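Okay, so here's the structure we're looking at.
The values are calculated or read from the model by the stated rules, or taken from the named source; none is laboratory data. The structure displayed is predicted, hence computed values, not measured ones. Here the Cβ positions follow ideal geometry from the backbone for every residue, glycine too, while neighbour counts run over all protein chains shown. Surface accessibility is based on the protein's heavy atoms, side chains included, excluding ligands, DNA and RNA. Shrake-Rupley method; radii C 1.70, N 1.55, O 1.52, S 1.80 Å.
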Amino acid sequence: MTVLDERRPTTAAPPADPATLKAATAKKRKKRRALFKRDRTLLIMVLPALLLTALFAYVPIVGNAIAFQDYSPYVGAFENPWVGFANFERVLADEAFWSAVRNTLTITAFQLVFFFPVPIMLAILLQGLLSPRVRSLFQSIVYLPHFLSWVIVISIFQQILGGAGLLNQFLRDNGIEAVNLMTQPDTFLVLVTSQALWKDAGWGIIVFLAALSAIDPSQYEAAAMDGAGRLKRMWHITLPALRPIIILLLILRLGDSLTVGFEQLLLQRDAVGAGAAEVLDTFVYYSGIQNGDWSYAAAAGLIKGVISVILVLGANKLAHLFGEAGVYQKS
């Protein structure tokens, strides 16, 4: 049996004219110069932010090299012996590390369910307020706690829920046994979520309010004329408009899921114990800064960073599968 290979002849593209290439290159350079001239003021304004980002976010990445060394700050950077992945093996074999991982993931999951939807609901509530004065007052009230430091926030909760706080004073005055909620490991998860809600839920509505302001009011008017009630208008108009923003912030939240509030938990760790309040950030802090085991702490921090990147990439890919833009998309 004879097999005939019938292939179409391929014609090679004619070589580009050097003069044409030179003209195209000159045109691109001229266009770039024009764009730079047009935006030079904005570029100059953003330059300090870029320098600070490079200095404090990218330059320190070089320091992760100590995770592969037996590092000591008292000798030169290049004099520390290299130990390969020995520090990572120590971290992965440490039960305290896995306890910190469990606490971190538990707090993240709990806040994802009970904290993440609250700014969305607050934004929809604010949109429904017809009086601009009431809306402005409500925004000011819910924004204010964001500008308080965690030290002040925890002090306020201590004055209310602590052993000598207002709640326990009320219980004692009524013959009920007092309970110090600030030192209870069993309720610590609810406590830290409540603190985060009070402090940052109001600030989180800003992005959602911006998305809601972009909705054409005629859509609500047309839906109302068709007999759609408030709930149906929210379900079919408001939430679909917020969906891209919700997915974007959810992806970013997943990428930041292993960071659940270092200062907040550090300030309360001694009160409830490491078993309830030890998360990856405090674990790295106590291992590196307090105990002086710099290489071990760097290895734990590097593991956390790699997992966070994987979570962002995976969540972004999942968003693409559902037809959303996500954090980024290929052009």
Handout entry: Alpha carbon convex hull of segment 105-149, volume per residue in cubic angstrom
Key = 63
Exercise for the section: Using label points projected 7 Å from each Cα along Cα→Cβ, tell me how many nm separate Tyr143 and Ala26, to one decimal. Expected result: 5.4
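With a 1.4 Å probe and all protein chains left in place, how much of the accessible area of segment 106-218 comes from carbon and sulfur atoms, in whole percent?
Numbers: 4400 of 6330 Å².
C and S fraction of accessible area: 70 percent.
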Completion exercise
Between Gln69 and residues 5 or more places away or on another chain, the pairs with built amide H atoms under 5 Å apart involve Val83
Problem - Relative contact order %, segment 180-331, counting alpha carbon pairs below 8 Å whose residues are six or more apart - result: 25
Handout entry: Pairwise label distance in nanometres, Ile160 with Ala325, each label 7 Å out on the Cα-Cβ vector
Key = 3.8
Handout entry: Thr259 paired with Ala54, simple spin-label distance in nm, labels 7 Å along Cα-to-beta-carbon
Key = 2.1
Problem - Sequence-separation-based contact order of the chain, relative, with Cα cut under 8 Å and 6+ spacing, percent - result: 23
Handout entry: Cα-only radius of gyration and Dmax that characterise segment 156-258, units Å
Key = 21.3, 59
Handout entry: FRET E, pair Ser136, Ala241, Förster distance 35 Å, beta-carbon r, rounded to 0.05
Key = 0.95
Handout entry: segment 176-216: chymotrypsin sites (Phe, Trp or Tyr not before Pro) in DSSP loop, at most 12 other beta carbons within 10 Å
Key = none
Problem - Length gained when the stretch Val75-Leu313 is fully extended (0.36 nm per residue, less Cα-Cα span) - result: 81.9 nm
Completion exercise
Rounded to whole angstrom, the alpha-carbon centroid of segment 143-196 lies from that of segment 20-79 at a distance of 45
Problem - Per-residue HN-Hα couplings for segment 58-68 [Karplus 6.51, -1.76, 1.60; θ = phi - 60°; Hz; x = Gly/Pro] - result: 9, 4, x, 4, 4, x, 5, 4, 5, 5, 9
Exercise for the section: Sorted from largest down, give the three principal axis spans of the alpha carbons of segment 19-168, whole angstrom values. Expected result: 83, 61, 28
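For segment 265-310, what relative contact order do you get, as a whole percent, if you take Cα pairs closer than 8 Å and at least 6 residues apart?
Contact order relative to length: 27 percent.
Could you pull out every whole DSSP H run in the chain that spans at least 20 Å of Cα extent along its own axis and averages 1.0 or higher on the Kyte-Doolittle scale?
On the way: long enough: 18-53 (43 Å, -0.02); 95-114 (28 Å, 0.78); 239-255 (23 Å, 1.99); 294-321 (41 Å, 1.30).
In the chain, the long hydrophobic H runs are 239-255, 294-321.
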Handout entry: Residues of segment 51-79 with amide N under 15 Å of a point placed 7 Å along Cα→Cβ from Val306
Key = 64-69
Practice task
Throw me the Rg/Rh for the chain, computed over C-alpha atoms with Kirkwood Rh, two decimals.
Solution key: 1.10
Handout entry: Range in the chain, longest, excluding exposed trypsin sites (Lys or Arg not before Pro) [loop by DSSP; at most 15 other beta-carbon atoms within 10 Å]
Key = 8-329
Handout entry: Added length on full extension, which subtracts the Cα-Cα distance from 0.36 nm per residue, Val62 to Phe170
Key = 33.4 nm
Completion exercise
Rounded to the angstrom and largest first, Cα extents along the principal axes for segment 18-68 equal 54, 30, 6
Exercise for the section: Select from Asn87, Val62, Ile246 the residue farthest towards the positive end of the dipole of the chain; place +1 on Cβ of Lys and Arg, -1 on Cβ of Asp and Glu, and compute about the Cα centre. Expected result: Ile246
Fill in the blank from the handout: accessible surface per residue for the chain, probe 1.4 Å, DNA/RNA/ligands not counted, whole Å² -> 66
